[in-house]
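Before any comments, here is the structure.
The values are calculated or read from the model by the stated rules, or taken from the named source; none is laboratory data. Quantities reported herein were computed from a predicted structural model and do not represent experimental measurements. Note that each Cβ is placed from the backbone with ideal geometry, even for glycine, and that neighbours are counted across all protein chains shown.
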Amino acid sequence: MENLKKFYIGGEWVEPISTATMPVMNPATEQQIGTVAMGNQADVDRAVAAAKAAFESFSQTSKAERLALLDRLMEATKARFEDLAQAMSAEMGAPITMSREAQADAAIGHLQGFIDALQEIKQRETLSNGDTLLREPIGVCGLITPWNWPMNQIALKVVPALATGCTCVLKPSEHTPISAMIYAEIIDAAGYPAGVFNLVQGDGVSVGSAMSRHADIQMMSFTGSTRAGSAITKDAADTVKRVTLELGGKSPNLVFADCDLEERVAGSVQEVMYNTGQSCDAPTRLLVERSVYDQVLDIAKRTAESIQVGNPAEEGDHIGPLFDRIQYDRVQEKIQTGIDEGARLLTGGLGKPEGFDTGWFCKPTIFGDVDNAMRIAQEEIFGPVLVVIPFDTEAEAIEIANDTPYGLAAYLQTGDPERAERVAARLRAGAVHINGGGFNYGSPFGGYKQSGNGREGGHMGLEDYLEVKTLHFG
C-alpha cells in the first residue's frame, strides 16, 4: 500500500509534486483503509512528458510485439486477480463474490477481447481505388475512469491504448485508487517499457482538467457523469483532441404480456439492484403492458424484498452499500423526490435497512404508478431504485422508452421474436438486451444522445485509439 502515496510515471513509483492527500474509506465500515496522494498540474505535466517520450519508440512496435506484451499482461493480471477483487470490495463495497465474478473478471475478459480483436485488425490494406490505408496509434491518451466499475473501465481504456501502440496517462477515480495502484503494479510486472503507461491519482478539477487541456495529449477517453463529460469536451476543444465519452443512462426495460413474466420480471429487478444499482446501463425504468401491470408489480415487489443486503466482505449474492455518504445522501434525496411527486412506494424507501446503522447501505426500492415526466423517471439515481411505468400499446412503449436525454442501453422482454426485432430497431440506445441477454466481452459498448460518443471493447474499441492515413502512389 506504500505505492498509494506515489504515482507511477516513467516506469517508476515516484513521489508526487503535489502535497495534497485524501483518505480512502471503506463504505461498509466507514473506516479509513488508506491515504491516496492527490496530484496537480505539475504531476500531469511530468506524466505526459514521460508518455510523449515513450511514444516515439512504442508507436513503432510491431503487432506481434504488442501481442506478446498483452499475453504477459494476462499472466500478470491472473497472478493478482484476488488482490484486485479484495481491493474493489473494500474501496467501493462490491460484495466479494460479485467482485471476483464481475468486477475483477473484467480485467481478464476485456483483455482477451482486445487480444482477439488486435489479432484480426488490419494495420494496412489496399482500397478498391488502389490507394493504401494505414492505421496508426493516435498518440498520448488521457484516460479518466469512474468508481462504480473500476477495473472494467480501466481495462476498456488502458488495454486498447497499449494494444494499438499508444501511450497513456490514467487518472482513476480518487474514491477507488487501490485497484488502480494494483493495476499499475500489474503493468509493471508485465514488462511494459518505461513511460508507456503512467498513473496519476487525483480529482477531476485538478488532474482531469489538466489532462483535458494538455497540448501533448491527443485523445481523451472519459467514463462518468454527463456533466463532467461535457466539461471535458469543452476543456479539450482548444487543442482539438479526439474525445470519447461513456456517460449516464436511464435505461428503459419494456415488458410485454407475452413474455415469461415470473422469470423476466424477477431477472429485471435483480439486474437493477446488481452492484447496488450503481451501473450506468442498469434497466431502471420498467415499462409494463397495462394488461399485466398489477401482476408485474406483485412480482417486482416480491423480488425486491427477497434481495439481501449484507457485508461485502462475506461470500454470497447479497448487495453491498453505496460507495460513500455523498452518494447515499443523493439516493435518499431522489427517493424523497419520488414520494413528493406522488409515485406509489411499493417497497423500500427512506433510511437504511434494519440492522445497518454503520455503512452506506440503502433499501432496495420500487416505485409504481410513475409518469415518465417525473424526475425519478428522467434523472439518473444510481442506486437500488426502480420506477415502474404502465403503457397500453407497442407504439406508446417505444415513445416512453425514447423519451429521455440518455441512450446507453435498453431492455426488452417478449415471447414474440418478430416483435423483439421490430421494437429493438426503434429504440434509441447503443445496446438492446432481449429476454435477459447479457453483455459479452469483445462487443462494442457505448450510447446514443447524452450517453456519450464512441464505443469501447473489441474492434471498435481499438479503432478509437487509431488514426487513419492514406497513401496515394504515383
- For Ala313, work out the one condition from (1) in contact (Cβ under 8 Å) with a residue 60 or more places away in the chain; (2) of a type in the set (Gly, Ala, Ser); (3) closer than 21 Å to Ala300 by Cα it doesn't fulfil. (3)
- Item | Wholly within the stretch 254-349, helices (runs of 4 or more DSSP H) carrying at least 3 residues that are over 26 Å from Gly430 (Cα atoms) and not hydrophobic (A, V, I, L, M, F, W, C) | 293-306, 325-340
- Considering only residues that are among the β-branched types (Val, Ile, Thr) and surrounded by 15 or more Cβ atoms within 10 Å (Cβ to Cβ), look in the stretch 340-368 and name the one that is nearest to Pro95 (Cα to Cα). Thr365
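Residues are listed down the side, and each one gets a yes or a no for (1) at negative phi; (2) aromatic (Phe, Trp, Tyr); (3) touching a His at 6+ places or on another chain (Cβ under 8 Å):
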{"site": "Val169", "(1), (2), (3)": "yes, no, no"}
{"site": "Met181", "(1), (2), (3)": "yes, no, no"}
{"site": "Ala184", "(1), (2), (3)": "yes, no, no"}
{"site": "Gln201", "(1), (2), (3)": "yes, no, no"}
{"site": "Val207", "(1), (2), (3)": "yes, no, no"}
{"site": "Phe222", "(1), (2), (3)": "yes, yes, no"}
{"site": "Thr226", "(1), (2), (3)": "yes, no, no"}
{"site": "Ala231", "(1), (2), (3)": "yes, no, no"}
{"site": "Thr239", "(1), (2), (3)": "yes, no, yes"}
- Message: It is to be established whether one or more residues within the stretch 211-219 are small (Gly, Ala, Ser) and free of Cβ contacts under 8 Å to residues at least 12 places away in the same chain.
- Response: no
- Item | Entirely in the stretch 362-474, the helices (runs of 4 or more DSSP H) that have 1 or more residues that are within 20 Å of Gly277 (Cα to Cα) and among the β-branched types (Val, Ile, Thr) | 375-378
- Query: Looking at the stretch 97-138, which of its residues are more than 21 Å from Gly442 (Cβ to Cβ) and over 25 Å from the mean Cα position of the chain (by Cα)?
  - Reply: Arg124, Glu125, Thr126, Leu127, Ser128, Asn129, Gly130, Asp131, Thr132, Leu133, Leu134, Glu136
- Could you list all residues from the stretch 166-224 that are under 17 Å from Trp13 (Cα atoms) and among the charged types (D, E, K, R)? Lys171, Glu185, Asp188
- Message: Going through Glu399, Glu379, Glu394, Glu418 one at a time, which residue ends up being under 25 Å from the mean Cα position of the chain (by Cα), outside the structural domain of Lys157 (by TED's automatic domain parsing) and among the acidic types (Asp, Glu)?
- Response: Glu379
- Filtering the stretch 295-347 for residues that are at pLDDT below 95 and more than 25 Å from Asn148 (Cα to Cα) leaves a count of 0
